[in-house]
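Right, one structure below, let's go through it.
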Amino acid sequence: MKIAQTLRNLHGNKVGAAIEELHRSENELVGALLNLSDEHKIDHEIFYVARDIARWSQEHVRLLAEVGRDYDLDLSPESEDEPTLLARVKQKGAELTGRFHEPSLLLLADLRRVHRMAAGVSLDWEVLAQTAQALKDRELLSTAQECHPETLRQLRWANAKVKETAAQIMVTG
Amino acid sequence: MARVDRIAEPWGTRTPYGPGERWPMRVDSHLTEGTRPAEVDRWVQSASMLHSNGDAMDIAVKGGRIVGVRGRSEDRVNHGRLDPKDLYGWQANHSPDRLSTPLIRRAGELVETDWETAMESVAHRTRELLEERGPSSIGFYTTGQLFLEEYYTLALIAHGGIGTNHVDGNTRLCTATAAATLKESFACDGQPGTYTDVDHADVICLYGHNVAETQTVLWMRILDRLAGPRPPAIVCVDPRRTLVAEHATVHLAPRPGTNVMLMNALLHELLEHDWVDHDYVEAHAVGFSELEKLVQGYTVERAAEVCDVPADEVREAARLIGTSRRLMSTVLQGFYQSHQATAAAVQVNNIHIIRGMLGQPGCGVLQMNGQPSAQNTREAGADGDLPGFRNWSNDDHVQELAAVWNVDPIDIPHYSEPTHAMQIMRYVEDGSIRFLYVTATNPAVSMPELRRMRSILSQERLFLVVQDIFLSETAQLADVVLPAATWGEKTGTFTNADRTVHLSEKAVDPPGEARPDLDILLDYAERLDLRDKDGAPLVKWKTPEAAFEGWKECSRGRPCDYTGLTYDKLRGSSGIQWPCTEEHPEGTERIYVNGAFWSAPTYCESYGRDLVTGAPVEPTEYQALNPSGKAIIKAAEFLPLHEPPTEEHPFQLITGRTLYHFHTRTKTGRAPQLQAAAADVWVECSVADAAAHGWSEGDLLRVSTPRGQVTARVRVSGIRDGVLFLPFHYGYWDTAPGNGSGDNRAANELTLTDWDPASKQPIFKTAAAAATRLRPSDGSVAPAPSTTASRPAHGSVPATRGDDSALVDEEHAPSGGEA
């Protein structure tokens, strides 16, 4: 326990910065998933699943804010949310272009963006988990162990959606 | 011999029996008025095409016409009994409005034409699109009501010939979750249970399965056990007070959309009391520790609150399940068409795995099918699977299939799983599919969100082909309509929900120029000049029996192995359960005996999916998880509803069936006894909701969701509070067309476009809805049957009964005999 405290004191700043960065990038992932959902409302599975799994990142944000207190961080447990009006505008836009095939190229681009961000978040969790082990910080480690598998599921989902839709988007039309 | 009005008494007379005894015989028969059995020219072997139970029957023919039906006493499935839909439904074959000539759209109108013109137009448009836009612009949407030979031919034409990935059936709406659930838990489709489990079980659990109405003969079997010595306890999970609920020891009526919460709480209880067969789990399953971890948070108290069910009853259900010695479970649409469909249904498998209740008499799971030949749509690869339960992400399996078809593996699209029906419709919507060939189904009434569906199907740029026996709501939107023969007018095989294969032979000629579906598909293939890699015709058969022989080769060595079956073997005897091989010539009653599964990485049909995101599990991941082919325990978290009730839409709408009709009533609506028993749409609400809003029996309500409105008379039934029920059978072929407003009656005007990410089955049972009274009853009652789940909670309405034409002969055999 004493060693843990000493290690934390020695390296607290770096770890704090990593937590802060992950808090920011999870928040960004929430935004990207909700944006993907709204922009592609007409692709119903994208619309619902993106919202379902954005909730995971929202929970990660809350947990990071909690664990951040150990490192003297004052992070908001509330993740950023899109203004409702903007979301509605995007959803309406999706409905209006639903009869056209070309906007589906945007779907690939948006999925790519989510995949890239989730990959970044995943690596950040990796760093934090390794750090937590070195610091013997059980709380931080268990947070990473709880959250990281969900990030990987987000990542696999984006990959699977690209795999599922790419051929139809690229080859037909 | 008894004469019974089977509209008034749908399940007929009881023939009680005890555990381990043979279910007594009772032969039901119904002949048209004035015809005596001795006057029948011939009896032609068949089985039921109006539900998934697979009840065997003989068709009575006189003067070249069908004059009635009789149950086959020697058949393992029904021991002579028939469902009311079969007793009366055959009359629809003779309907004067059967399609008897092809139709083609000219100047906006469908006009009669000849086969040559119709088929050439279909083939021409296919060729044109193949050249202009490629195979991905072609889609096929089939059914759960054709024969195995027809599905297999369709799968070959579409996957192996045209090379499109867009092939699915309306089985997506009814049975996709059954298949997905089996693939998640056992890495392969294939029903672990068998109907004879009813003869042995001491506890039978029915999860979202109103078997009394959907598979009436299976319910007769259960009723006969309940009437006999040492009856089984029944656990029923259903938001409606169904007949099953009436007979249940415990009836849980959870809030729609909370099944995963309830199942996790049941599992929590089982683990807490250690009602677990640890030896079995250790030897035959992976994933137990994840389950242990996940269900920790799902206490009975939490479930009681979220599901709104009494905690003590959840505990009692868990105790019955946990202390049972022979546990049988069945699952159907209450789980499959609800929120988190696969995740919920998988938990039922998990109960059986952790209790070691598989592969022995009385210990089965039946992940039920909704349609008579849905199993074949799945096996033959006409539904978003590859033929023979082959794994699309296993290159060896694709090569094997290519060898059977004598095509290059790259010509069978397998870069992604075959496209599911909801996504096919999306591609039609965005214009990337321009040709849709629909066989024997009616998406303009059966798909969710009908206003959207009508607008998708009526697009100018879409070439829509509809092959059907009536001018359905969908056929009315078609560019070409192909008149098909139906049950009794063509030969083929099909397989029921417990793997029993039946032969259905041609009894009479189809009307006019109508042709068997197989013949139409063969004609299409010939016109497209589809070839194998040696230049020979791709489709190598001309008759149903030759197609069956072709299918046998495709099934060889796969779980659904048919190689031990022939038409001759199926003639005159009982149906036979697959796998049926040289080694097991009489078929296989129970699979997964002694924990032997089909889940080895090189053999399995599927590596599974993430139950929340639907993302397929990668081959390497699966290999690491389950290298030695065990059962897979898959835990699932509960997710909040996608469309929870709001102030504006305070009710939860669920849709479903009634005993007297099948699907969009194309056949049952044309059988007078069935039509009279449930003539029009109604809406059910609870006693408390009726009191709170001042509604009473027969008041005219308008039910609305953000998608549309439906007008219906109300029946105050035994449904749980906060829930409205609408039967989905009623469309517009016998009324004014639907237009999304006013006096619409199709339940799917209201449903939302959303599906389970793992099974891709649409969610029909959790829409948020509002209801207002348009006018009080003028003395009329709701047109809802009084014999079923729709009977009034209190008070009485005129009893549902048939006239003299509904009288059915029941012949009881002397009882006794061993199982």
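List of remarks:
- B:ALA692-A:GLU21 FRET efficiency (beta carbon distance; Förster radius 51 Å; 0.05 resolution): 0.45
- Stokes-Einstein translational diffusion, the stretch B:194-318 - Kirkwood Rh over all Cα pairs, 1.567 mPa s, 4 °C, in µm²/s: 82
- Orientation-averaged projected area, Cα convex hull of the stretch A:105-152 (nm²): 3.0
- A straight line joining the Cα centroids of the stretch B:737-793 and the stretch B:682-713 runs 9 Å.
- Kirkwood hydrodynamic radius over Cα pairs of the stretch B:357-440, then Stokes diffusion coefficient at 10 °C and 1.306 mPa s, in µm²/s: 103
- Given R0 = 51 Å, the distance between the Cβ atoms of A:GLU28 and B:ALA600 translates into a calculated FRET efficiency of 0.75.
- The share of C-alpha pairs in the protein assembly as shown whose separation exceeds 46 Å stands at 26 percent.
- Approximating the spin labels as points 7 Å out from Cα along Cα→Cβ, the A:ARG88-to-B:ARG461 distance works out to 3.0 nm.
- Think of each Lys and Arg Cβ as +1 and each Asp and Glu Cβ as -1; about the Cα centre, that makes the dipole of the stretch A:2-171 roughly 380 debye.
- Convex hull volume of the C-alpha atoms in the stretch A:2-171, normalised per residue: 93 Å³.
- The mean sequence distance of close C-alpha pairs (under 8 Å, at least 6 residues apart), as a share of the length of chain A, puts its relative contact order at 27 percent.
- The stretch B:126-180-the stretch B:191-236 distance, computed between alpha-carbon centres (Å): 35
- Sorting B:TYR592, B:TYR151 by the number of Cβ atoms found within 10 Å of their own Cβ, with the fewest placed first, yields B:TYR592, B:TYR151.
- Amide N of the stretch B:699-722 lying under 11 Å from the label point, which is placed 7 angstrom from the Cα of B:ARG775 along Cα→Cβ: B:700
- Globularity ratio of the stretch B:651-788, using Cα Rg and 2.2 N^0.38 Å: 1.01
- Over all orientations, the stretch B:139-216 has a Cα convex hull whose mean projected area works out to 7.0 square nanometres.
- When B:GLU621, B:GLU505 are sorted by how many other C-beta atoms sit within 10 angstrom of their C-beta, beginning with the fewest, the order is B:GLU621, B:GLU505.
- Tail weight of P(r) past 16 Å, computed on alpha-carbon pairs of the stretch B:731-795, percent: 69
- Over 29 Å between alpha carbons, listed pairs B:LYS667/B:LYS760; B:LYS183/B:LYS506; A:LYS92/B:LYS765; B:LYS552/B:LYS630; B:LYS634/B:LYS667; A:LYS161/B:LYS533: B:LYS183/B:LYS506; B:LYS634/B:LYS667; A:LYS161/B:LYS533
- Percent of C-alpha pairs per 10 Å bin in the stretch A:21-122, short distances first: 16, 43, 28, 11, 3, 0.
- The distance linking the stretch B:249-306 with the stretch B:92-121 is 54 Å (Cα centroid to Cα centroid, whole angstrom).
- 18 Å reach of a label modelled at A:ASP70, 7 Å along Cα-to-Cβ, counting backbone N of the stretch A:110-137: A:124-137
- For the stretch B:1-155, with +1 on Lys and Arg beta carbons and -1 on Asp and Glu, the positive-most of B:TYR152, B:LEU99, B:VAL77 along the dipole: B:VAL77
- Top positive-direction residue, dipole computed over the stretch B:579-731 with Cβ charges, set B:LEU611, B:THR646, B:ASN594: B:THR646
- Debye, to nearest 20: dipole size of the protein assembly as shown, +1 on Lys, Arg Cβ, -1 on Asp, Glu Cβ: 940
- What you get for chain B, charging only the Cβ of Lys and Arg (+1) and of Asp and Glu (-1), is a dipole of about 1260 debye around the Cα centre.
- Over 21 Å (Cα to Cα) - which of A:LYS14/A:LYS136; B:LYS540/B:LYS569; B:LYS490/B:LYS540; A:LYS136/B:LYS293 fall in this group: B:LYS540/B:LYS569; A:LYS136/B:LYS293
- Per-q log10 I(q)/I(0), the stretch B:213-254, q = 0.24 Å⁻¹ (Debye; single scatterer per alpha-carbon; no solvent): -0.84
- Nitroxide proxy distance, nm - points 7 Å out along Cα→Cβ at B:ALA227 and B:GLN399: 5.8
- Three-way shape label, chain B, alpha-carbon gyration tensor, a/c 1.5: rounded
- The B:ALA624 and A:GLN145 beta-carbon pair, evaluated with R₀ = 22 Å, returns a calculated FRET efficiency of approximately 0.75.
Laboratory data are not the source of any read-out in this text; all were calculated from the coordinates shown. None of these values were measured; they are calculated from a predicted model. Methodologically, a virtual Cβ is constructed for each residue, glycine included, from the backbone with ideal geometry; neighbour enumeration extends over all protein chains shown.
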